[in-house]
Amino acid sequence: MLERIRQQCATGRAEWQDCTDAETSVAVERYTSVDIYQREIDKLFRGLPLIAAHGSELQAGQVLAHDGYGVPILLSRDKDGVVRAHLNVCRHRGTRLVESSTAIAKSSIVCPYHGWAYQLDGKLRHRLHAESFDKKECADEDLVALPCVERHGLIWVVPSSGSDFDKLSSNSLDEYLGELSAEMPFYEVAQLTHFRTIEAEYPANWKLIVDAFLESYHIRVLHKNTIAPFFTDGITAGGRFGSEQSGKPHIHSLVARRAAQAWSEQGDTSLQKTMPQNIRELSELVTPSQVIFPNTITIFHPDYLSLITLYPTSVGTLRWTHKMLIPKDRADSTWVAHWEKTFNLIEKGVFQAEDIHTAVQIQKGFASGANTHLRLGRIEQAVSWFHDSVARHTAASR
Ligand code: FES
Ligand SMILES: [Fe+2]
């Protein structure tokens with residue numbers, strides 16, 4: 001993909017200019033139909049591995065409550081470092097077990113109602129006045145486990161059991177990610193550490209946000225006063241990744257920054273010398289970004305990672321969760337002011353004021369009936385890849 005960027009910069013001709021595919025469109029109904037929304041919840045948000053946290057958010061012997069996906073999830077990491085997910089619901093009379101959404105140390109999980117105690121691996125350990133209950137199969141009393149795996153520095157959970165991913169493992173996850181799994185180590189996500197999470201709800205369909213991160217067409221106009229000066233106009237290289245069976249639903253792309261222009265103009269020998277060797281060098285030239293299907297967006301800024309996850313709380317509303325992940329060697333207190341400033345600039349100045357704001361305005365316009373379809377030019381092709389994948393995974397026959 002970097003070679004494709006180099007060629008476009010060197011020739012001054014972007015790939016989309018030579019693309020002969022037809023213009024495409026997305027039906028407005030995809031953003032407004034309650035029926036489609038319900039199928040997205042069932043098939044995508046209950047049946048696929050979703051990213052729930054970065055590994056650094058949960059240390060050994062800690063637990064945290066995750067409610068971002070409409071299901072009360074309890075994440076735990078035992079003393080040996082193994083991460084698990086269970087429903088955050090007591091097996092006695094259903095009380096929520098852990099309240100805190102930030103990690104807290106626990107040697108066992110004790111229900112605040114009548115004190116049933118569970119181990120971090122979900123096994124019931126102790127019941128007060130146990131003789132008051134009939135003997136039952138132990139499994140009926142252990143916490144309900146959800147498929148969960150820690151991979152590429154991230155904690156992945158399937159928020160229901162009985163899906164194709166019931167036996168979620170590093171292998172099955174990598175198979176689902178396809179060649180993207182081989183790319184992931186280069187991005188060193190596991191080496192980063194969590195700095196901040198912002199969570200908010202907005203009145204827009206969740207896919208409008210994904211759309212905004214799949215094309216660079218809007219950078220020049222919508223972001224003219226913020227990030228546009230750092231980027232070229234429409235020079236990108238992207239591709240579809242994933243298993244054949246899943247229809248390659250993940251999208252990975254590079255958006256050329258201004259620095260890529262001078263880099264591409266060097267002679268061949270100097271180019272080889274200046275070939276980026278790691279993510280820090282790469283992200284000076286291009287901004288890599290991924291849509292990890294269905295709901296995660298990664299943006300590799302020059303010195304940190306924005307990890308965004310989305311969840312549709314209704315057909316016309318979304319929950320936005322933006323995590324800023326920073327290098328460990330810049331995580332001490334002397335860096336806090338720098339990261340605060342950077343995070344505010346991108347989260348408030350760019351995402352909230354520009355990208356999310358636009359999504360909300362688009363959603364408002366749907367009811368007007370002005371458009372039955374939204375048009376996608378060849379420069380916006382990745383948006384139609386994403387919608388094809390959503391349609392494929394939510395088709396009534398699946
Ligand atoms: S509801 Fe948890 S111990 Fe009673
Ligand atoms: Fe944008």
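The values are calculated or read from the model by the stated rules, or taken from the named source; none is laboratory data. Just so you know, these numbers come straight off a predicted model, no measurement behind them. Every residue, glycine among them, receives a Cβ derived from its backbone with ideal geometry; neighbour counts consider all protein chains shown. Side chains are part of the model used for accessible areas, which takes the heavy atoms of the whole protein and leaves out ligands, DNA and RNA. Shrake-Rupley method; radii C 1.70, N 1.55, O 1.52, S 1.80 Å.
Please give the FRET efficiency for residue 179 paired with residue 313, using the beta carbon to beta carbon distance and R0 = 41 Å, rounded to the nearest 0.05.
Working: r = 33 Å, r/R0 = 0.80.
Using R0 = 41 Å, I get an efficiency of 0.80.
Label points 7 Å out from Cα along the Cβ direction at residue 132 and residue 280: separation in nm?
Once both label points are built, they end up 5.9 nm from each other.
Testing the spin-label approximation: label points 7 Å from Cα along Cα→Cβ at residue 266 and residue 170. State their distance in nm.
Once both label points are built, they end up 3.5 nm from each other.
Please list the radius of gyration and Dmax for the range 50-167, considering alpha-carbon atoms only, with Å as the unit.
14.0, 46
At 0.36 nm per residue, and after removing the present C-alpha to C-alpha distance, how many nm does the segment from residue 303 to residue 93 gain when stretched out fully?
Numbers: separation 210, 0.36 × 210 = 75.60 nm, distance 4.74 nm.
Stretched out fully, the residue 303 to residue 93 stretch lengthens by 70.9 nm.
Residues of the range 50-167: accessible area per residue at 1.4 Å, in Å²?
On the way: 5790 Å² over 118 residues.
Dividing the accessible area of the range 50-167 by its residue count gives 49 Å².
What is the local net charge at residue 168, summed over the other residues whose Cβ is closer than 13 Å to its Cβ (Lys, Arg +1; Asp, Glu -1)? Write out the running numbers ahead of the final one.
Details: positive: 84, 151, 167; negative: 150, 164, 166, 174, 175.
For residues surrounding residue 168, the net value is -2.
Please work out the C-alpha center-to-center distance from the range 11-29 to the range 215-287 and express it in whole Å.
Value for the Cα centre distance between the two parts: 17 Å.
For the chain, what is the Kirkwood hydrodynamic radius in Å, using each pair of distinct C-alpha atoms? Walk me through the numbers on the way to the answer.
Details: mean 1/r = 0.0442 Å⁻¹.
Answer for the chain: a Kirkwood hydrodynamic radius of 22.6 Å.
How much of the accessible area of the chain, probe 1.4 Å, is carbon plus sulfur, in whole percent?
Details: 9320 of 18430 Å².
Heavy-atom surface of the chain belonging to carbon and sulfur, 1.4 Å probe: 51 percent.
Treat the range 313-398 as a sphere of radius equal to its Kirkwood radius over Cα pairs and apply Stokes-Einstein at 4 °C in a medium of 1.567 mPa s; give the translational diffusion coefficient in µm²/s, rounded to a whole number.
Working: Rh = 16.7 Å.
Here the translational diffusion coefficient equals 78 µm²/s.
With labels modelled as points extended 7 Å from the Cα through the Cβ direction, what inter-label distance (nm, one decimal) is found for residue 243 paired with residue 22?
Result: 3.2 nm between the two label points.
How big is the range 261-332 along each principal axis, measuring the range of its Cα positions in Å and listing the largest first?
Taking the Cα atoms of the range 261-332, the three principal extents are 54, 33, 17 Å.
Give me the dipole magnitude in Debye, nearest 20, for the chain about the Cα centre, with unit charges on the beta carbon: positive for Lys and Arg, negative for Asp and Glu.
Numbers: 42 positive and 48 negative charges, 120 e Å.
That gives the chain a dipole magnitude of about 580 debye.
Quick one: check the C-alpha center-to-center distance for the range 77-94 versus the range 329-398, whole angstrom.
33 Å
For the range 30-111, report the translational diffusion coefficient in µm²/s to the nearest whole number, using Stokes-Einstein at 20 °C, 1.002 mPa s, and a Kirkwood Rh over Cα pairs.
Values: Rh = 14.1 Å.
The estimated diffusion coefficient comes to 152 µm²/s.
Over the range 312-368, average the accessible area per residue using a 1.4 Å probe and give it in Å², no decimals.
Details: 2690 Å² over 57 residues.
For the range 312-368, the solvent-accessible area averages 47 Å² per residue.
Which residues in the range 221-260 have a backbone N closer than 12 Å to a point placed 7 Å from the Cα of residue 10 along the Cα-to-Cβ line?
none
Can you give the extra length, in nm with one decimal, that the chain gains between residue 125 and residue 331 once fully stretched, where that is 0.36 nm per residue apart less the Cα-Cα distance?
On the way: separation 206, 0.36 × 206 = 74.16 nm, distance 3.77 nm.
Extra length available between residue 125 and residue 331 comes to 70.4 nm.
Run a plain Debye calculation on the range 92-147 (Cα atoms as equal point scatterers, no solvent) and give log10 I(q)/I(0) at q = 0.13, 0.24 Å⁻¹, rounded to two decimals, same order as the q list.
Evaluating at q = 0.13, 0.24 Å⁻¹ gives log10 I(q)/I(0) of -0.34, -1.10.
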